[in-house]
Amino acid sequence: MMHRDVELADLLPGLVTLRRDLHAHPELAFTEHRTAGIVARALREMGLEVHEGLGGTGVVGVLRHGTGTRSVGLRADMDALPIGEQSGVAHASTRPGIHHGCGHDGHTAMLLGAARQLVRTRGFEGTVNFIFQPAEEGHGGARAMIDDGLFERFPCDTVYALHNWPDLPLGSAQTRPGAIMAAADRFDITVRGRGGHAAQPQHTPDAILAASSLVTQLHTIVSRRIDPGQSAVLSVTRIEGGQSHNVLPPSVGLTGTVRSFDAATQDRIEAALRQTAAGVAMATTINSAPEAGLALQAATDAGLQASVAAHPAFTSEDFSFMLQQRPGAYLWLGQGSSDESSVSLHHPRYDFNDAALGLGVRWFCAVAELALKP
């Protein structure tokens with residue numbers, strides 16, 4: 001493949017500098033104004049057709065070559081997480097309570113690198129749409145871009161994305177046909193009493209006691225109402241109520257998440273919660289089989305050790321909304337170290353591994369070249 005023949009060494013120093021700058025200046029969902037501006041400016045400098053403001057802060061760059069009518073979408077996410085950083089790196093976040101703890105800074109730099117490489121190699125025939133998405137971290141940025149006419153304005157026969165994966169060693173990649181990431185549902189439950197004096201609980205319904213009992217009951221839904229052959233996880237992640245040691249609060253709030261891999265299981269769990277919970281769902285990320293195969297072939301062409309993932313992950317991915325609209329695939333790109341010192345995603349000490357930047361660039365380029373092979 002042409003991208004294997006053209007040296008990437010001249011691109012990588014600039015990509016590392018860009019990635020670390022984005023890391024030092026993280027932005028939360030739908031506020032990625034600085035990041036989007038950097039992306040749009042870089043794409044324009046490459047000579048691409050650039051469109052801004054899709055789904056709020058999304059950016060699309062369009063690169064056409066030849067007379068081919070086929071098109072492919074390559075997507076990277078841009079947002080950070082609302083957690084403080086404890087990595088200790090020189091390029092750590094300058095914004096308290098905000099951290100690129102999932103590597104979206106690396107994804108953005110990879111896709112910009114791929115755009116620059118494809119501009120100069122032109123090893124494809126058709127149109128590549130470079131999609132830079134806001135608000136992946138549970139805020140539906142992909143859906144917002146779709147609702148804003150993403151695929152009508154920028155037709156894509158297929159769409160592809162990757163995510164850095166600390167659990168896989170650097171130089172490897174995995175995906176699979178079918179489910180690759182779980183559906184995610186959030187539930188919020190408010191238990192209401194009347195409130196009263198802690199010394200006289202007989203005079204008021206105890207919302208804390210009821211909420212505590214409810215937590216136990218919720219954790220039996222998967223074990224008692226879901227077929228053991230199906231996979232699902234339900235976790236209560238927050239319980240909040242009361243402000244004083246001697247006052248029974250009038251209400252207590254519970255929040256949690258449900259992860260599953262098929263719609264029937266998702267519906268059964270929702271039915272068990274629906275009397276008391278309101279859920280906001282993110283669909284299962286499902287790769288179409290031909291595109292999963294292409295993603296693996298692209299990984300091999302990019303010099304990666306590619307293999308079929310044995311199981312999907314219980315983490316969820318906003319790219320699922322795009323895969324509901326177009327065939328495509330989502331790839332795990334290994335960035336872990338051999339000494340098992342890698343920190344997991346969403347950890348305060350996480351930092352993207354810059355050694356994976358060139359591998360991601362090569363994979364994105366290989367996808368475009370295979371999908372739009374002359």
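Some notes on this structure:
- Qualifying residue in the stretch 272-291 (condition: surrounded by fewer than 14 Cβ atoms within 10 Å (Cβ to Cβ), within 30 Å of A329 (Cβ to Cβ), touching a Ser or Thr at 6+ places or on another chain (Cβ under 9 Å) and at pLDDT 75 or above): yes
- Failed item in (1) modelled with pLDDT under 95; (2) crowded, with 19+ Cβ neighbours inside 10 Å; (3) under 22 Å from Q133 (Cα atoms), with A368 passing the rest: (1)
- 2 or more residues not polar (S, T, N, Q): qualifying strands (runs of 3 or more DSSP E) within the stretch 280-374: 305-308, 313-316, 328-336
- Checking V308 against (1) modelled with pLDDT of 95 or more; (2) within 30 Å of S93 (Cβ to Cβ); (3) touching a Lys or Arg at 6+ places or on another chain (Cβ under 6 Å), the condition it does not meet: (2)
- Scanning the stretch 137-160 for residues that are of a type in the set (D, E, K, R) and either modelled with pLDDT of 95 or more or in a helix (DSSP H, G or I) (or both) yields R143, D147, D148, E152, R153, D157.
- Checked against (1) assigned to a loop (DSSP other than H, G, I, E, B); (2) crowded, with 20+ Cβ neighbours inside 10 Å, T108 passes all but condition (1).
- Evaluation of L345 against (1) aliphatic (A, V, I, L, M); (2) surrounded by 21 or more Cβ atoms within 10 Å (Cβ to Cβ); (3) under 17 Å from the mean Cα position of the chain (by Cα) (one fails), failing number: (2)
- With respect to (1) surrounded by fewer than 18 Cβ atoms within 10 Å (Cβ to Cβ); (2) modelled with pLDDT under 75, the lone exception for A184 is condition (1).
- Matching residues, the stretch 53-91, being in contact with a strand residue (DSSP E or B) (Cβ under 6 Å, 6 or more places away or on another chain), surrounded by 15 or more Cβ atoms within 10 Å (Cβ to Cβ) and over 29 Å from Y350 (Cβ atoms): V62, L63, R64, R70, S71, V72
- A single member of V50, V72 is in contact with a helix residue (DSSP H, G or I) (Cβ under 7 Å, 6 or more places away or on another chain), hydrophobic (A, V, I, L, M, F, W, C), without any contact (Cβ under 8 Å) to a residue 60 or more places away in the chain and under 23 Å from L150 (Cβ atoms), and it is V50.
- When L18 is tested against (1) closer than 22 Å to W363 by Cα; (2) exposed (fewer than 14 other Cβ atoms within 10 Å of the Cβ); (3) within 23 Å of the chain's Cα centre (by Cα), exactly one condition is not met: (2).
- The set of residues in the stretch 35-58 that are part of a strand (DSSP E or B) and touching a Pro at 6+ places or on another chain (Cβ under 9 Å) comprises L54, G58.
- Among the residues making up the stretch 21-55, those that are within 28 Å of R153 (Cβ to Cβ), among the acidic types (D, E) and under 23 Å from the mean Cα position of the chain (by Cα) are E27, E32, E52.
- Looking only at residues of the stretch 195-239 that are part of a strand (DSSP E or B) and over 28 Å from the mean Cα position of the chain (by Cα), we find that the one that is modelled with the highest pLDDT is G196.
The values are calculated or read from the model by the stated rules, or taken from the named source; none is laboratory data. From a predicted model like this one, the values you see are computed outputs, not experimental measurements. Cβ coordinates were reconstructed from backbone atoms using ideal geometry, including for glycine residues, and neighbour counts include every protein chain displayed.
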